[in-house]
Each structure stands twice: as structure tokens, then as C-alpha cells.
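Reviewing the structure listed below.
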Amino acid sequence: MSLDVLMQYISQIKPLDESAMALAKARQSDLAKPPGSLGKLEDISIRLAGISGEVFYNTNKRCVIIMSADNGVFEEGVAATPQSVTQSQTINFLRGIPGVSAIAKQFNADLIVVDVGVNADIEHPGIINRKIRKSTWNIAKGPAMTYDEAVQAILVGIETAAEAAEKGYKLFGAGEMGIANTTTSAAVLSALTGLAAEKAAGKGAGLSEEAYQHKIHVVRSSVEHNRPNVNDSIDVLAKVGGFDLAALAGVFIGAAYCRTPVVIDGFISMVAALAAAKLAPAAKEYMFASHASFEHGFVYAAQALGLEPCLNLNMRLGEGSGCPIMFAVIDAACGALRNMGTFAQAEINDEYLENIRIGDKFTV
């Protein structure tokens, strides 16, 4: 039954509005600037028009949705950070202490924090309790969760996105908290793409070389032992993923269902976006990549998804910390499209541009 509900959500994702994109593109051509000179900002503004059906998009109300859960593979010694940090940081997000909290505050973004599988009882009025259970199982010994649990986690993400849209949020970011989730993300990436474990797995929060080699072994053996179905990303998430990853995949699907743009954070968020796009290909058009994560598996995940990040800041914090920075970039794209003057308003004859316009592409 839950799977039927999930598929109903996916079936209702609509393609981008081509007429609105054409209008936005035409306005970009009329603005008093060399054609294409705002680069990715132009592309962003045009795609936002396609998402919303409006030439001018309002990004004033935005949030980062953070999915928190623990991962049973932690017991394999693949993380340098104690598991208790998942519980602590989940609470601290709403106390304004972690990096994403500080950056979100700077850029006027709210946080929506969801406990989808933290290995502890959390009593906090600001944290949404959608706990499936306390932690996944250890992927080195068997599947992380059942297939039904994976579906349930994805639905948590979809429903959280839908609730945020109902509250008037017009721009989402996708973040996470879960010690050892770079290991599960590497396993999911390896399973979905066939990428070798040593390319998919990085050192996370700072493993020693010995621990890192062990992590590579865990990723490789987990995929080999659990044999996830590469043609079914739900099965991949169930076999070698995590509740946080599955719920994040749901956020990406839910954003597309609600026709709301959603920002990808770093490595973990990108892997979740890839899993979402494998399940719901139309959802990719609603995604915007923020920064190039320093975690080296990121580049392979981004290539597999076919999205290029806008920023290169050597960040690897996770949590959704790159999303509010990308919100500012999206604001810039919207502001330029809305507020710049046209050639007519600037009283500039734009006939000179005919020599540098080449169809839909430009040379400057």
C-alpha cells in the first residue's frame, strides 16, 4: 500500500513549463548586458520559471530540511566521530549552534529538523518525530532495513516537503545528520553506478589511513554481500543505505511533486538526489547543486546525476550547510532577472549584439 502511495506521488510530477521558460529567456535577451554574461545565473532564473510557471520567482521564504538518523554500520569502526553526536547535533540545530544553523540565519532561512531514525529518544518540541526505528542495521552484516521501511522513509521526506510547501516555503535545501552516513552514501553510490569502492568512499570527518582502508573494504563487501538491485533505487537504499538517505531522496521527490526548487548540499545529499532521480527521473529538473564537496566521491555522484555545482569552497561539513549559500546565488539570479533594466530602458541600441548572438548560444 505504501509503495502505491509513493508511486502516485511520482506519477504526478510534471515537466517544466516550457512557455514560462521561453518568456524568461526572452527577458534575459532584452536585459542591458552582453548575451549570456550572467552565466549560470541566467540558467537558474530560466529553470525557476519552468518550475513555478512564473517569470519572476519569489524566494523570500526558504528552509533547509534536515533528516537525522543513525546507521548500524557505525559499529564497524568506519567513523571517527562518536554516534552520540547524531543526537546532540539534531538538538543543537534548533539551538543555533552547528554550521548550518549559523549560515541559515545569515541568509534568512529556517530549519526543519526531522528525527527519522536517531538511536536515542529525543524529546524536543521543535524536532519532528517521524522515527521509523532507532538506527538501521549494520550493512556489513545484512540489509540496512526492509524494503517497506525504505518506502516509509522516502514517504517521510515527501510528506515533509509537502508540509513545508503548504506553509508557504518556496525554496528548499536538503541536509542530513547521521554518523557513518558517508559510508552508507558510498555504498549506495557504488551500487547505483558500479563505481569502485575506493572511488566512492572518502575519509569522512577525518579517518586515519588504516581506518579509511577498512571503510573501503566495508563498502565493497556490503555491496557484494547484500546484492542490491541496481535497477531499483528503493532496494539499493534498503540494502546498503540509511533512513536519512532514503528520507532525503523523498525530499527531492516531494519538492518536484510540489513544484518547488530544491538545493542539493554535499556528498550525502548528492547521493540521495541521485537515488531520487533514478526512482523519479522528472524530479531532477527541480534540483540545483550548491557546492562541490571536498569528499572525493562527490564528483562521481554529480557526474552520474548530470548536475554541476555552482560553488567550490572545499566544504565537507554536510548538515545542509551549503544550501543557504546557494539560496543567495538563487536570490541573485532572481534579482537580476526582475530588477535589471532592458536595452530600451537604458536607451541603448542593441543592434551591435547581432554579431555575437549565435542562435541560443552566445560568445562574449
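Out of all the residues in region 168-186, is one or more surrounded by fewer than 19 Cβ atoms within 10 Å (Cβ to Cβ), among the hydrophobic types (A, V, I, L, M, F, W, C) and at pLDDT 95 or above?
no
How many residues, within region 33-75, are assigned to a helix (DSSP H, G or I) and within 24 Å of residue 284 (Cβ to Cβ)? Before the answer, list the steps.
First, pick out the residues of region 33-75 that are assigned to a helix (DSSP H, G or I): 40-52, 72-75.
Adding the requirement that they be within 24 Å of residue 284 (Cβ to Cβ) leaves 40-52.
Of the residues in region 33-75, 13 are assigned to a helix (DSSP H, G or I) and within 24 Å of residue 284 (Cβ to Cβ).
Mind counting the residues in region 46-59 that are open to solvent by 30 Å² or more (accessible area, probe 1.4 Å) and among the small types (Gly, Ala, Ser)?
Residues meeting the conditions: 2.
Being buried (at least 24 other Cβ atoms within 10 Å of the Cβ) and β-branched (Val, Ile, Thr) is the filter; apply it to region 68-87 and report the residue that is farthest from residue 112 (Cα to Cα).
Checked region 68-87; the qualifying residue farthest from residue 112 (Cα to Cα) is 78.
Quick check on this structure: which one of 278, 239, 284 is among the charged types (D, E, K, R), over 13 Å from residue 181 (Cβ atoms) and buried (at least 24 other Cβ atoms within 10 Å of the Cβ)?
239
Among what's in region 336-362 and is of a type in the set (D, E, K, R) and on the phi < 0 side of the Ramachandran plot, pick the residue that is modelled with the highest pLDDT. Can you show your working first?
Kept after step one, since they are of a type in the set (D, E, K, R), are these residues of region 336-362: 338, 347, 350-351, 354, 357, 360-361.
Then drop every residue that is not on the phi < 0 side of the Ramachandran plot, which leaves 338, 350-351, 354, 357, 360-361.
On the way: 338: 97, 350: 72, 351: 75, 354: 69, 357: 58, 360: 47, 361: 49.
Step by step, filter region 336-362, then rank; the result is 338.
Pull up region 287-315, narrow it to residues that are out of contact with any helix residue (DSSP H, G or I) (no Cβ under 7 Å at 6 or more places or on another chain) and part of a helix (DSSP H, G or I), then point me to the one that is surrounded by the fewest Cβ atoms within 10 Å (Cβ to Cβ).
Looking at the filtered set, the residue picked out is 303.
Anything in region 6-25 that is open to solvent by less than 50 Å² (accessible area, probe 1.4 Å) and either more than 11 Å from residue 47 (Cα to Cα) or of a type in the set (Ser, Thr, Tyr) (or both)? List them, or say none.
If the condition is that a residue be open to solvent by less than 50 Å² (accessible area, probe 1.4 Å) and either more than 11 Å from residue 47 (Cα to Cα) or of a type in the set (Ser, Thr, Tyr) (or both), then 6, 9, 10, 13 are the ones that fit.
Please state which of the following conditions residue 137 fails to meet, knowing it meets all the rest: (1) within 17 Å of residue 178 (Cβ to Cβ); (2) open to solvent by less than 20 Å² (accessible area, probe 1.4 Å); (3) over 21 Å from the mean Cα position of the chain (by Cα).
That leaves (2) as the condition not met.
What is the one condition in (1) more than 18 Å from residue 156 (Cβ to Cβ); (2) without any contact (Cβ under 8 Å) to a residue 40 or more places away in the chain; (3) open to solvent by 30 Å² or more (accessible area, probe 1.4 Å) that residue 1 does not satisfy?
Answer for residue 1: the failing condition is (1).
Regarding region 89-98, can at least one residue be identified that is part of a loop (DSSP other than H, G, I, E, B), in contact (Cβ under 8 Å) with a residue 40 or more places away in the chain and hydroxyl-bearing (Ser, Thr, Tyr)?
no
Hey, can you tell me all the residues within region 6-34 that are touching a helix residue (DSSP H, G or I) at 6+ places or on another chain (Cβ under 6 Å) and farther than 26 Å from residue 279 by Cα?
Within region 6-34, 20, 24, 25, 28, 32 qualify.
If residue 325 satisfies all but one of (1) open to solvent by 20 Å² or more (accessible area, probe 1.4 Å); (2) part of a helix (DSSP H, G or I); (3) more than 22 Å from residue 99 (Cβ to Cβ); (4) not acidic (Asp, Glu), what's the number of the condition it fails?
The failed condition is (3).
Quick one: is residue 105 on the phi < 0 side of the Ramachandran plot and touching a strand residue (DSSP E or B) at 6+ places or on another chain (Cβ under 8 Å)? Talk me through it step by step, then tell me what you get.
Values: on the phi < 0 side of the Ramachandran plot: yes; touching a strand residue (DSSP E or B) at 6+ places or on another chain (Cβ under 8 Å): no.
Judged against the criteria, residue 105 is not a match.
Residue by residue, here is whether (1) of a type in the set (D, E, K, R); (2) surrounded by 19 or more Cβ atoms within 10 Å (Cβ to Cβ); (3) over 26 Å from residue 262 (Cα atoms) holds:
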position: 61; (1), (2), (3): yes, no, no
position: 66; (1), (2), (3): no, yes, no
position: 89; (1), (2), (3): no, yes, no
position: 96; (1), (2), (3): no, no, no
position: 101; (1), (2), (3): no, yes, no
position: 130; (1), (2), (3): yes, yes, no
position: 142; (1), (2), (3): no, no, yes
position: 156; (1), (2), (3): no, yes, no
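Take residue 96 and decide whether it is at positive phi and either modelled with pLDDT of 95 or more or within 18 Å of the chain's Cα centre (by Cα) (or both). Show your work before the answer.
On the way: at positive phi: yes; either modelled with pLDDT of 95 or more or within 18 Å of the chain's Cα centre (by Cα) (or both): yes.
Yes, satisfied.
The values are calculated or read from the model by the stated rules, or taken from the named source; none is laboratory data. In this text, all values refer to a predicted model and were calculated from it rather than measured experimentally. Note that we place each Cβ from the backbone using ideal geometry, even for glycine, and neighbour counts take in every protein chain shown. Surface areas here come from the heavy atoms of the whole protein model, side chains and all, with no ligands, DNA or RNA. Shrake-Rupley method; radii C 1.70, N 1.55, O 1.52, S 1.80 Å.
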